[in-house]
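For reference, the structure is listed below as structure tokens.
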Amino acid sequence: MMPRNTICLWFDKDAEAAARFYADTFSDSRVTAVHRAPADYPSGKAGDVLTVEFTVAGIPCLGLNGGPAFQHTEAFSFQIATEDQEETDRYWNAIVGNGGRPSACGWCKDRWGLSWQITPRVLTEAIAAGGDEARRAFEAMMSMEKIDVAAIEAARRG
């Protein structure tokens, strides 16, 4: 049974490939159903994959193969909290190394154009601490693409 509230992500035609990539990459992620179109539709034919139900890091999602009319933007992103540099590197490298692109401040895009924030908890905690500690950590983050945990910890300490 589909959850009451689900994030619907529009894809051109690769919803199943994206969902399987996310399921293979992130913990607590899986593909739960693939539904085929019962008839022809504007961007596909009867029998094509229409929707894919999946979970990304515990969040229920629906991938819709709606065609090229709409593209992903940074206005929506998944933020993945990481525990250490190893986990940060693993997720970052999986996304960027499989056709994605790095961006600034821990953001990157996957090969389908979906934005991800790979955010070590140490950064979130430093900013939440406020004051000079937060300012130093924030200023350090502003110079980074992938977040460097040791550099954030050093900035936090001053």
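Residue check: is residue 99 under 18 Å from residue 14 (Cα atoms), touching a residue at least 40 places away in the same chain (Cβ under 8 Å) and of a type in the set (Gly, Ala, Ser)? So that I can check it myself, show each step before the final result.
Working: under 18 Å from residue 14 (Cα atoms): yes; touching a residue at least 40 places away in the same chain (Cβ under 8 Å): no; of a type in the set (Gly, Ala, Ser): yes.
When the stated conditions are applied, residue 99 does not pass them.
Quick one: in region 36-50, which of the residues that are in a loop (DSSP other than H, G, I, E, B) and at pLDDT below 95 is nearest to the chain's Cα centre (by Cα)?
43
Looking at residue 108 and the list (1) closer than 30 Å to residue 37 by Cα; (2) in contact with a Phe, Trp or Tyr (Cβ under 6 Å, 6 or more places away or on another chain), which single condition is not satisfied?
In the conditions (1) closer than 30 Å to residue 37 by Cα; (2) in contact with a Phe, Trp or Tyr (Cβ under 6 Å, 6 or more places away or on another chain), residue 108 misses (1) alone.
Only one residue in 16, 53 is of a type in the set (D, E, K, R), assigned to a strand (DSSP E or B) and surrounded by 12 or more Cβ atoms within 10 Å (Cβ to Cβ). Which one?
Numbers: 16 fails: assigned to a strand (DSSP E or B).
Answer to the check: 53.
Scanning for something surrounded by 14 or more Cβ atoms within 10 Å (Cβ to Cβ), hydroxyl-bearing (Ser, Thr, Tyr) and outside the structural domain of residue 118 (by TED's automatic domain parsing), does region 59-78 turn up at least one residue?
Within region 59-78 (the criterion being surrounded by 14 or more Cβ atoms within 10 Å (Cβ to Cβ), hydroxyl-bearing (Ser, Thr, Tyr) and outside the structural domain of residue 118 (by TED's automatic domain parsing)), the answer is no, since none of the residues qualifies.
Considering only residues that are assigned to a helix (DSSP H, G or I) and in contact (Cβ under 8 Å) with a residue 60 or more places away in the chain, look in region 71-92 and name the one that is nearest to residue 109 (Cα to Cα).
First, pick out the residues of region 71-92 that are assigned to a helix (DSSP H, G or I): 85-92.
Next cut, in contact (Cβ under 8 Å) with a residue 60 or more places away in the chain only: 85, 88, 91.
Numbers: 85: 19, 88: 15, 91: 12 Å.
Across region 71-92, the extreme among qualifying residues is 91.
The values are calculated or read from the model by the stated rules, or taken from the named source; none is laboratory data. None of these values were measured; they are calculated from a predicted model. FYI the Cβ positions are ideal-geometry reconstructions off the backbone, even for glycines, and counts take in every protein chain you see.
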